[in-house]
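Working notes, structure below.
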Amino acid sequence: GSSGLDPLAERGSDIAGTWLLRLFASPEAGMEALTAVGMLISAAQLVLPDLRRGYSGAFAFTLLWFCWHDVVVGGGRFMAYQMDTLLLDAAPLCILAASGFLPG
């Protein structure tokens with residue numbers, strides 16, 4: 001939050017490096033909104049298998065990737081671990097593989 005160890009509102013350069021988070025008036029509210037959107041998309045993918053394959057799957061996974069990128073950047077040093085960066089780097093190929101666009 002705004003009174004925490006590493007307030008997001010004071011890290012303007014980090015916010016400027018995001019894709020979706022900079023669209024929100026409050027960075028803290030944006031982090032919560034992106035997390036909620038990610039949870040809703042993931043829940044929809046569990047219920048609706050069509051959101052895991054094809055064009056709709058690629059779109060859903062891409063939205064999740066954008067949300068995760070901004071959560072990692074917004075999380076700063078608390079999210080700056082190697083596994084988070086690895087997930088962001090590997091996500092585009094995983095999106096293609098899961099969506100069925102890569103030959104298999």
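The values are calculated or read from the model by the stated rules, or taken from the named source; none is laboratory data. Since we're looking at a predicted model, the values are computed, not measured. Cβ: placed from backbone, ideal geometry, glycine included. Neighbour counts: every protein chain shown.
Among residues of region 60-87 being loosely packed, with under 14 Cβ neighbours inside 10 Å and assigned to a helix (DSSP H, G or I), the one that is modelled with the lowest pLDDT is Q82. Of the residues making up region 34-57, those that are small (G, A, S) and crowded, with 17+ Cβ neighbours inside 10 Å number 2.
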